[in-house]
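See below for the structure under consideration.
Just so it is clear, none of the values below were taken in a lab; they were calculated from the coordinates. Please read these numbers as outputs of a predicted model, since none were measured by experiment. Don't worry about glycine lacking a Cβ; one is built from the backbone with ideal geometry, like all the others, and counts go over all protein chains shown.
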Amino acid sequence: MKAAVLTLSDKGARGEREDGSGPALQNWLAAHEVAIVKSAIVADEHEEIVSILKEWADSGGVDLILTTGGTGVSPRDVTPEATMAVLDRVIPGFGEVMRARSLEKTPHAMISRAIAGIRGRSLIINLPGSPKGAVENIEAVWPAVPHAVEKIQGSTRDCAAPPR
């Protein structure tokens, strides 16, 4: 599987804060034998996020795009809106699972607006901006990610073994 990681952070893009979540996700993915083919850090700007997500998904070389940051309720948190603007189809279950799992650790999880969905042959998942939150959330949904990517890319393999 080939993945890209996009960090959304005004301060990070200006060099005022070191990005911890992007590298944490890249390390986690590498440990799970996922190749990192693209990464970037940009400001919380709707059009810039849209442009990068389209470019990466439409390139044909990225199976999984993870965003980190911009999923809360601050005025500059626009990642879900930018993601919605590029998606062909939404997959609500990923956001539901991430919020449910995070709610076990913090009541702030209920203000997460993270979404996931499909553009072309790529799966895009929004994750929180903290390194810990980003990794915990990808861990929560990972059991479904490889299968989802396989199906998005046209696999006709059965989803479950037939009953005996």
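Go through the range 26-111 and name the trypsin sites (Lys or Arg not before Pro) that are in a DSSP coil and have 15 or fewer other Cβ atoms within 10 Å of their Cβ.
Sites meeting the loop and neighbour criteria: 76, 105.
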Quiz item: Which entries in 38/105; 54/151; 105/151; 54/105 show an alpha-carbon gap greater than 27 Å?
Solution: 38/105; 105/151; 54/105
Quiz prompt | Those aspartates and glutamates that a straight Cα-Cα span of less than 19 Å connects to residue 11, excepting residues fewer than 8 apart in one chain | solution = 19, 44, 45, 47, 48, 77
Quiz item: With a 10 Å Cβ neighbour count serving as the proxy for reagent exposure, in which order, fewest first, do 106, 156, 7 appear?
Solution: 156, 106, 7
Quiz item: For residue 100 and residue 155 in the same chain, what is the full-extension length gain: residue separation times 0.36 nm, less their Cα-Cα distance, in nm?
Solution: 16.9 nm
Exercise. Sort 14, 157, 113, 119 so that the residue with the fewest other Cβ atoms within 10 Å of its own Cβ comes first and the one with the most comes last.
Key: 157, 14, 113, 119
Self-check item: Mean separation of Cα contacts under 8 Å, 6 or more apart, over the residue count of the range 1-104: relative contact order %
Solution: 33
Practice problem: Mind checking the range 3-71 for GluC sites (Glu not before Pro) that DSSP puts in a loop (not H, G, I, E or B) and that have at most 13 other Cβ atoms within 10 Å? | Solution: 16, 18, 33
